[in-house]
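*Asks:* Have a look at the structure that comes next, please.
The values are calculated or read from the model by the stated rules, or taken from the named source; none is laboratory data. None of the values given here were measured: they were computed from a predicted structure. Note: ideal-geometry Cβ built from the backbone for every residue, glycine included; neighbour counts use all protein chains shown. What goes into the accessible areas is simple: the full protein's heavy atoms, side chains included, and nothing from ligands, DNA or RNA. Shrake-Rupley method; radii C 1.70, N 1.55, O 1.52, S 1.80 Å.
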Amino acid sequence: MYRIGEFSYLCECTIKTLRHYDKIGVLTPEKVDDFTGYRYYSDKQLNTYHNIKMLQEAGFTLKEIKNIFDNSKDNTILEEINKLTENYKEKMAKLQEIRNKLGGNIHMELIKNPKFVMLGEYKELKTRNDFKKELEVIDKKADSKMFSILPSVLISFEVGFKEDDITCFIGRVLNDDLKINYNFIKTMESKGLDTITYNKSESMLYTSSDNTRESYKEMIKYANKNNIQIRGEFIEISNGTKTDIYIEAYDLTKDNKSAKLHMKELKEKFKFTEPIYDPKYIGKWILQGQIVEPLKIFNPKKEHFMPDTKFKELVLNADGTTNYNNITWRDGYLLIEKNNIIIDNPLYQETSKDNTRYLGILMNDENINARPHLYYYKEKNNNL
């Protein structure tokens, strides 16, 4: 199954559109996890989405499409739909044939994390067509021939498919020699460039293609088929006609030894030590959304991706209890009991912006091989 962000790439539509389809009942996710709040879709629903688009192209409104789906046993309607479907399938087959010729066979593999070091700037890219223009501005700021000949990089920090107003990182990828050249890095930073180092995961899913959009789709399908969790952002590195694409990947079929050791040590700690209830975590917290972009550019006033979790309001009491029967907290961890197991979720940090306190929580999945999601909460003002 696909998370809503992945499904939006496969459909080439925004998450906002998918949520609207769910709201009006024309395309409802197969599953909504009340723990992470994630909507999950199946391959079968990808066909449903294509049928919706096909009917829209034929002139039907969403209200009419819903009525068609609700009354699909009507033979007359079915005959019309079948005619449209055949025409649409032929059209899609021809389009896929063209895409295959353009992109060739897309090969991908799970590789050891290259641990990239990148220099550049965080940007709000109006459209992808502005990438080269923005890169030229960064190269000019760097004012270094050594820098400008390095491979270029584009990283989008958006959840799901988006074509306009993309929060991203644009810059260059350092080669092995420059990775350890701290003087060069410091010089570039003194000129206003930021440094990003990708070392969160041990492995990454990788492919190389001249058709980026299709590569995203194939990587998502490959991960779903092979029980791999892809997380974080797609990293596009280009040095010529082809683009190398990477994304953090976690093989859910293999044991995560460090995660298991952490769980064992935590259980021992909880068993033999007195709990600590740090006062800075006590209070009422309201979910602001899932944080995808680096905290360095986090803007509390911006509208963030909001998971459909039931934990939108969280009360951490001084005695370690919360406003949920299956949730407690202690020693900097939110402890959620689910399916007879305890899932520990680190209270990531407590910060203050504009005289308001914020709390980050790394929400773990039941699968300990997976990487957690960072949820950001704002302290609730009781006087309001």
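*Asks:* Tell me what the chain gives for mean residue ellipticity at 222 nm when only DSSP H runs of n ≥ 4 count, each as -39,500 (n - 2.57), the sum divided by the residue total, rounded to 500 deg cm²/dmol.
*Replies:* -10500 deg cm²/dmol
*Asks:* Sorted by packing (mean other beta-carbon atoms within 10 Å per residue), highest first, where do 218-227, 53-62 land? Let's see the in-between values first.
*Replies:* Numbers: 218-227: 17.8, 53-62: 14.5.
The packing order, highest mean first, is 218-227, 53-62.
*Asks:* Just to confirm, what accessible area per residue do you get for the chain at 1.4 Å probe, in whole Å²? Working shown, then result.
*Replies:* On the way: 21080 Å² over 384 residues.
Per residue, the chain has 55 Å² of solvent-accessible surface.
*Asks:* Please compare each pair in 302/378; 145/296; 162/217; 200/260; 179/242; 217/302 to a cut-off of 20 Å on the Cα-Cα distance and tell me which ones are over it.
*Replies:* Numbers: 302/378 13 Å; 145/296 28 Å; 162/217 14 Å; 200/260 17 Å; 179/242 23 Å; 217/302 28 Å.
Exceeds cut-off: 145/296; 179/242; 217/302.
*Asks:* Pop out the ³J(HN,Hα) list for segment 275-288 in order, Karplus 6.51 cos²θ - 1.76 cosθ + 1.60 with θ = phi - 60°, rounded to Hz; leave Gly and Pro as x.
*Replies:* Rounded to whole hertz, the list is x, 10, 10, 4, x, 5, 8, 6, x, 9, 10, 10, 5, 9.
*Asks:* Something else: Per-residue counts of other Cβ atoms within 10 Å, averaged by peptide: what ranking do you get for 318-326, 33-41, highest first? Kindly include the intermediate steps, with their values, before the conclusion.
*Replies:* Values: 318-326: 12.4, 33-41: 19.3.
By packing density, highest mean first, the sequence is 33-41, 318-326.
*Asks:* Could you name the lysines whose alpha carbon sits less than 21 Å from that of residue 264, not counting residues in the same chain fewer than 8 places away?
*Replies:* Of all the lysines, those that pass the test against residue 264 - Cα under 21 Å, at least 8 places apart if same chain - are 254, 338.
*Asks:* For Kirkwood radius over Cα pairs in Å, the choices are (1) 23.6; (2) 25.1; (3) 22.5; which was calculated from the structure?
*Replies:* The listed entry that was calculated here is (1).
*Asks:* Among the trypsin sites (Lys or Arg not before Pro) in segment 248-309, which ones are in a DSSP loop with at most 15 other Cβ atoms within 10 Å of the Cβ? Mind listing them? List each step's numbers first, then the result.
*Replies:* Details: sites: 254, 257, 260, 264, 267, 269, 271, 280, 284, 296, 301, 302; in loops: 254, 301, 302.
Hits after loop and neighbour filter: 254, 301, 302.
*Asks:* Continuing with the same structure: Sort 180-189, 9-18 by the packing proxy (mean of other Cβ within 10 Å over each peptide's residues), most packed first.
*Replies:* On the way: 180-189: 13.8, 9-18: 18.0.
Highest-to-lowest ranking by the protection proxy: 9-18, 180-189.
*Asks:* Contact order normalised by length for the chain, with contacts defined as Cα pairs under 8 Å and 6 or more residues apart; what percent is it? Before the final figure, lay out the partial values.
*Replies:* On the way: 615 pairs, mean separation 55.8, N = 384.
Computed value for the chain: 15 percent relative contact order.
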